[in-house]
Amino acid sequence: MKAIAKGVRVPPRKMNVVASLVRRRSVNDALTILEHTPRQAAVHLRDVVKSAAANAEHNDKYETDQLQIDAIEVNTGGMIVRGRPAAKTNFRPHRHRLSNVTVKLGVLPHTGAESDGA
């Protein structure tokens, strides 16, 4: 149960800041946190978490209430290099770093707090 987003136009360092907010949380809690996080990385991460939850519902027949985020991996996804001319025929590059994001879901552990009808 996972989803992958490649080539996200957010640097990995900034994406990791938002990813650390929702690691090891339930999917519903993570989506609520990401809805109220005022960063561009939160929008992209929310889409990946929703996609992973939809994959788990469709492929593995789990409910969203039963799922938690086991791991979020944020890796470097390459660069878009642009720049401008500088003195003495030099070139000053501006590197737009991209991210690859992988969200892996698992099943919440059974708490045992529910009564068994007794």
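The values are calculated or read from the model by the stated rules, or taken from the named source; none is laboratory data. Everything quoted here is computed from the prediction, not taken from an experiment. Cβ placement follows ideal geometry from the backbone for every residue including glycine, while neighbour counts extend to all protein chains displayed.
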Problem - Which listed residue is acidic (Asp, Glu), in a helix (DSSP H, G or I) and either free of Cβ contacts under 8 Å to residues at least 12 places away in the same chain or over 19 Å from residue 108 (Cβ atoms) (or both), from 47, 65 - result: 47
Problem - residue 38 vs. criteria within 23 Å of residue 21 (Cβ to Cβ), assigned to a loop (DSSP other than H, G, I, E, B) and touching a strand residue (DSSP E or B) at 6+ places or on another chain (Cβ under 9 Å) - result: no
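Yes/no per residue for (1) within 23 Å of residue 66 (Cα to Cα); (2) touching a residue at least 24 places away in the same chain (Cβ under 8 Å); (3) surrounded by 15 or more Cβ atoms within 10 Å (Cβ to Cβ):
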| site | (1), (2), (3) |
| --- | --- |
| 2 | yes, yes, yes |
| 12 | no, yes, yes |
| 32 | yes, no, no |
| 39 | no, yes, yes |
| 42 | yes, yes, yes |
Exercise for the section: Answer yes or no: is there a residue in region 82-101 that is surrounded by 14 or more Cβ atoms within 10 Å (Cβ to Cβ), at pLDDT 95 or above and in contact with a Pro (Cβ under 7 Å, 6 or more places away or on another chain). Expected result: yes
Practice task
Looking at (1) assigned to a strand (DSSP E or B); (2) at negative phi, find the lone condition where residue 78 falls short.
Solution key: (2)
Exercise for the section: State whether one or more residues within region 51-64 are within 19 Å of residue 21 (Cα to Cα) and not polar (S, T, N, Q). Expected result: yes
Exercise for the section: Evaluate the following for residue 73: is it free of Cβ contacts under 8 Å to residues at least 24 places away in the same chain, surrounded by fewer than 19 Cβ atoms within 10 Å (Cβ to Cβ) and of a type in the set (D, E, K, R)? Expected result: no
Exercise for the section: Determine whether residue 53 is of a type in the set (A, V, I, L, M, F, W, C), over 24 Å from residue 1 (Cα atoms), over 10 Å from the mean Cα position of the chain (by Cα) and not in a strand (DSSP E or B). Expected result: no
